[in-house]
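Novice: Can you keep this structure in mind? I'll have questions shortly.
The values are calculated or read from the model by the stated rules, or taken from the named source; none is laboratory data. Just so it is clear, the model here is predicted, and its values are computed rather than measured. Cβ sites come from the backbone with ideal geometry, for glycine too, and all protein chains shown count toward neighbours.
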Amino acid sequence: MTTLVVVDDHPLFRKGLVALLEASGFDVVAEAASAAEAVETVMSHRPDAVLIDLGLPDRSGLAATEQLSAALPETRFVVITMYDDADTVRRALEAGATAYVTKDASPDHVVAAVQAVLMGAQWLDSGVPRPLLDSGTATRAAVESLPGLTPRERSIAELIGKGLPNEAIAERLGVSRKTVANYVSSVLLKLGAEDRPDAIRIVRRATDR
């Protein structure tokens, strides 16, 4: 059964979300009410997906998402929040989220978002601005500064840096998963990365320069 963790500091909303997900056939293995608790809980349970609010009491859910997506690249992240401005959506996607849902979304849309990310797809709820994942000019410029990569490898490295799994990269670029896997191996070798989380860190460090 698909495992989920729900992160929100409002108990009533969090419990309602858990009830919805469990009624839809998902296994909610844990809940968290802060960013620190989210990091500890998600690292412990390593769920298939995390639903996370951005307005957490100790630090932003964006920071927690970025930290966790780098450490657990196979885990999918669904942001569920009251914010619906384009800048926040863009920052959430760049942090590693692959779905963005507002808290006034219908229950069906929440479930659909979870199902979409589990299949490697991106989901932005209706009414949410749609900045494309490949529109991050800062990330692209940083990747282009990394030596030895071909143009296609730079595209792959950019998407790796945003935390996308191979399935989502393949769908975005219109190539097979096997092709993506081959490119990922080449990118890791050229970056001198020990593994995928290390490659994510290398790309993101370049972005922060």
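Novice: Do we have GLU74 as in a helix (DSSP H, G or I) and not basic (Lys, Arg) here?
Specialist: So GLU74 fails the test.
Novice: Could you run through region 68-77 and say how many residues are modelled with pLDDT of 90 or more and of a type outside the set (A, V, I, L, M, F, W, C)? Don't jump to the end; show me each part of the working.
Specialist: To start, the set of residues in region 68-77 that are modelled with pLDDT of 90 or more comprises 68, 75-77.
Filter once more, so that each one left must be of a type outside the set (A, V, I, L, M, F, W, C): 75-76.
Looking only at that region, the number is 2.
Novice: When you scan region 164-184, do you find a residue that is closer than 15 Å to LEU149 by Cα and not in a helix (DSSP H, G or I), even just one?
Specialist: The answer is no; no qualifying residue exists.
Novice: Could you go through region 13-24 and let me know if any residue there is under 17 Å from VAL117 (Cβ atoms), of a type outside the set (Gly, Ala, Ser) and either surrounded by fewer than 15 Cβ atoms within 10 Å (Cβ to Cβ) or touching a Ser or Thr at 6+ places or on another chain (Cβ under 7 Å) (or both).
Specialist: So far as region 13-24 goes, no, none of its residues is under 17 Å from VAL117 (Cβ atoms), of a type outside the set (Gly, Ala, Ser) and either surrounded by fewer than 15 Cβ atoms within 10 Å (Cβ to Cβ) or touching a Ser or Thr at 6+ places or on another chain (Cβ under 7 Å) (or both).
Novice: Let me spell it out: the conditions are (1) assigned to a helix (DSSP H, G or I); (2) modelled with pLDDT of 95 or more; (3) of a type outside the set (S, T, N, Q), and VAL28 meets all of them except one. Which number is the exception?
Specialist: So the condition that VAL28 fails would be (1).
Novice: In addition: Among the listed residues LEU17, LEU12, LEU21, identify the single one that is in contact with a strand residue (DSSP E or B) (Cβ under 6 Å, 6 or more places away or on another chain), hydrophobic (A, V, I, L, M, F, W, C) and within 18 Å of MET82 (Cβ to Cβ). Break it down stepwise before answering.
Specialist: Working: LEU12 fails: in contact with a strand residue (DSSP E or B) (Cβ under 6 Å, 6 or more places away or on another chain); LEU21 fails: within 18 Å of MET82 (Cβ to Cβ).
One residue alone meets the criteria, LEU17.
Novice: Going through region 98-109 one residue at a time, which ones are crowded, with 22+ Cβ neighbours inside 10 Å and at pLDDT 90 or above?
Specialist: Pass one, region 98-109, residues crowded, with 22+ Cβ neighbours inside 10 Å: 98-101.
Result: ALA99, TYR100, VAL101.
A quick yes/no check of all residues on (1) aliphatic (A, V, I, L, M); (2) not in a strand (DSSP E or B):
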| residue | (1), (2) |
| --- | --- |
| ALA36 | yes, yes |
| MET43 | yes, yes |
| VAL50 | yes, no |
| ILE80 | yes, no |
| ASP87 | no, yes |
| TYR100 | no, no |
| ALA105 | yes, yes |
| VAL117 | yes, yes |
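Novice: Tell me, which residue of region 74-89 that is under 16 Å from the mean Cα position of the chain (by Cα) and among the aliphatic types (A, V, I, L, M) is farthest from ALA32 (Cα to Cα)?
Specialist: The qualifying residue farthest from ALA32 (Cα to Cα) is VAL89.
Novice: Further, regarding this structure: When residues of region 63-76 are filtered for being surrounded by fewer than 22 Cβ atoms within 10 Å (Cβ to Cβ) and more than 21 Å from GLN115 (Cα to Cα), how many remain?
Specialist: Summing the residues that are surrounded by fewer than 22 Cβ atoms within 10 Å (Cβ to Cβ) and more than 21 Å from GLN115 (Cα to Cα) in region 63-76 gives 4.
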